[in-house]
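Peer 1: Structure incoming, see below.
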Amino acid sequence: MTQISILGCGWLGLPLAKALLKNEFSVKGSTTSNEKLSVLKNLGIQAFQIELSETKNQGEVDSFLKNSKILIIDIPPKLRGSEKENFVSKIKNLIPFIEKSSVENVIFISSTSVYGEDNLIITEETELNPNTESGKQLVQAEQLLQSNSSFKTTILRFGGLIGEDRHPIKFLAGRKNIENPYAPINLIHQDDCIGIILKIIESNSWNETFNAVTPFHPTRKEYYTQKAIDLKLDLPEFNVENSILGKTISSLKIENLLKYSFIKPNL
């Protein structure tokens, strides 16, 4: 039975762990919360309390990686508020542990924020041009992992994440003067995030980079207005005079190379 370690059993990592267990993988999962350890254990996940920092790692990282062939890194940069961190340093501190472990393949969860906001059709070949600190640090983290010859890393760049319990309309409902109404949406459902990761593992698609965004790109105004109607929420109001548009993320590589069909094509 192949063993997989998931660094970060949060909004995506926990349901991913459940899906891997259903597909007969052995799963180790990490959390920063002592209270969550019992939740993981009750699901059949080998649970570890691990917290990476800029200077050292807290927790039994060696044991967490022991005997695992695949490591999935799903820890987003924390760059908002007062507790900002150097995400690149955290990845640098993790890499020596991966190098000396049994891990052969890594999936790194990144973001389409590495591309900036140009009015372009974005593919995996598009030049990286992040305009946020988070995007800049993700680019550096991607490069650190993919340039390491001790293991093979596949980069997965997700668009905006949505799910049954998570949707931007809950924040936008009733708001006024929302900017950029005619920009395309670039979202992906949690079910497809998990489906794509399973497909990468199944097809042994390592040393690759994938954009992971549902191929459904109505304008923000069109999509969020309809979503508010569907959910019986107050309609958002957009400032139609202030529109700078934005990128459209292509997921053709996922569809063509992985032969993946989206579970939630219309979000």
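Peer 1: To the nearest 20 debye, what is the magnitude of the charge dipole of the chain about its Cα centre, counting +1 on the Cβ of each Lys and Arg and -1 on the Cβ of each Asp and Glu?
Peer 2: Values: 30 positive and 31 negative charges, 101 e Å.
Its charge dipole is roughly 480 debye.
Peer 1: Relative contact order for the chain using alpha-carbon pairs under 8 Å, separation at least 6, rounded to a whole percent? Mind showing how you got there, number by number?
Peer 2: Numbers: 525 pairs, mean separation 44.5, N = 267.
With pairs under 8 Å counted, the relative contact order is 17 percent.
Peer 1: Could you work out how much longer the chain between Lys92 and Glu202 gets when fully extended? Use 0.36 nm per residue separation minus the Cα distance between them, nm to one decimal.
Peer 2: 36.8 nm
Peer 1: So, one more: Got a sec? Which residues in the stretch 1-28 would a label at Val39 touch, if it sits 7 Å along Cα→Cβ and we count backbone N under 11 Å?
Peer 2: In the stretch 1-28, the label zone of Val39 (backbone N under 11 Å from the point 7 Å along Cα→Cβ) covers 9-15.
Peer 1: Can you list the trypsin sites (Lys or Arg not before Pro) in the stretch 122-196 that are in a DSSP coil and have 14 or fewer other beta carbons within 10 angstrom?
Peer 2: Listed in order of number, the matching sites are Arg175, Lys176.
Peer 1: Given Asn204, Phe151, Ala17, which one lies farthest toward the positive end of the charge dipole of the chain, if we put +1 on the Cβ of every Lys and Arg and -1 on the Cβ of every Asp and Glu?
Peer 2: The residue sitting most towards the positive pole is Ala17.
Peer 1: Neighbouring Cβ atoms within 10 Å as the yardstick, rank Val103, Val240 fewest first. Walk me through the intermediate numbers first.
Peer 2: Details: Val103 22, Val240 11.
Lowest count first: Val240, Val103.
Peer 1: Next question, about the same structure. Between Leu144 and Asp191, what is the label-to-label distance in nm when each label sits 7 Å out along the Cα-to-Cβ direction?
Peer 2: 3.6
Peer 1: How large is Rg over Rh for the chain, taking Rg from the Cα atoms and Rh as the Kirkwood inverse mean of 1/r across Cα pairs?
Peer 2: Values: Rg = 18.9 Å, Rh = 19.5 Å.
Checking Rg against Rh, the ratio lands at 0.97.
Peer 1: Identify all lysines with a Cα-Cα distance to Lys227 below 24 Å; exclude those on the same chain that are fewer than 8 residues away in sequence.
Peer 2: The qualifying lysines are Lys170, Lys176, Lys247, Lys264.
Peer 1: Next up: Once both labels are modelled 7 Å past Cα along the beta-carbon direction, what's the Thr248-Glu125 spacing in nm?
Peer 2: Label-label distance for Thr248 and Glu125, simple model: 1.8 nm.
FYI, it's all coordinate maths here, none of it is from the lab. These numbers were taken from a predicted model, which means no experiment stands behind them. Cβ: placed from backbone, ideal geometry, glycine included. Neighbour counts: every protein chain shown.
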